[in-house]
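First the structure, in the form of structure tokens, and then the observations on it.
Nothing in this text is a laboratory measurement; each read-out follows from the coordinates by a stated rule. Since this is a predicted model, take the numbers as computed values, not measurements. Cβ sites come from the backbone with ideal geometry, for glycine too, and all protein chains shown count toward neighbours.
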Amino acid sequence: MKPTIFLSALFASLLAGCASVGEVRHVLTGDEHPPIQADAVKVTQIRPVLSEPVATFMASAPGSTQDSFDAAVKATKEDAAKLGANGLTVTHWKYIEGRETYLDGIEWWLPDFAK
């Protein structure tokens, strides 16, 4: 394989990997509920008044693009679903130009919210 083709393929695979990876850390602040599908987790700008906090979270993803933000949200929805939280509110986010996207907020549960 020619070095140019190899380097191009390596660079493309690194970029694809960066856009799709998100990492989440959480601290439980309430009760866990039975796990749900990640697609059922709703993202809101304001936490509903009657919702019960399940966990606080901090998420990150490589890069500072919309794809990076979306990857961090997707990873957070998957984390919330494992805890049985049916909603999450992103309270802060920060882009470090060209390097990283950070989010934090609250994963919560509200009866009948997903219906």
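Using a 7 Å offset from the Cα along the Cα-to-Cβ direction at both Lys82 and His33, what is the distance between the two label points in nm, to one decimal?
1.9 nm
Neighbour counts of other C-beta atoms within 10 Å: give me Asp31, Asp79, Asp104 arranged from fewest to most.
Taking fewest neighbouring Cβ atoms as first place, the list is Asp31, Asp104, Asp79.
Sorted from fewest to most neighbouring beta carbons within 10 Å, what does the list Lys82, Lys94, Lys74 look like?
Lys94, Lys82, Lys74
What nm distance separates the two modelled labels at Arg99 and Thr65, each placed 7 Å from Cα along Cα→Cβ?
1.9 nm
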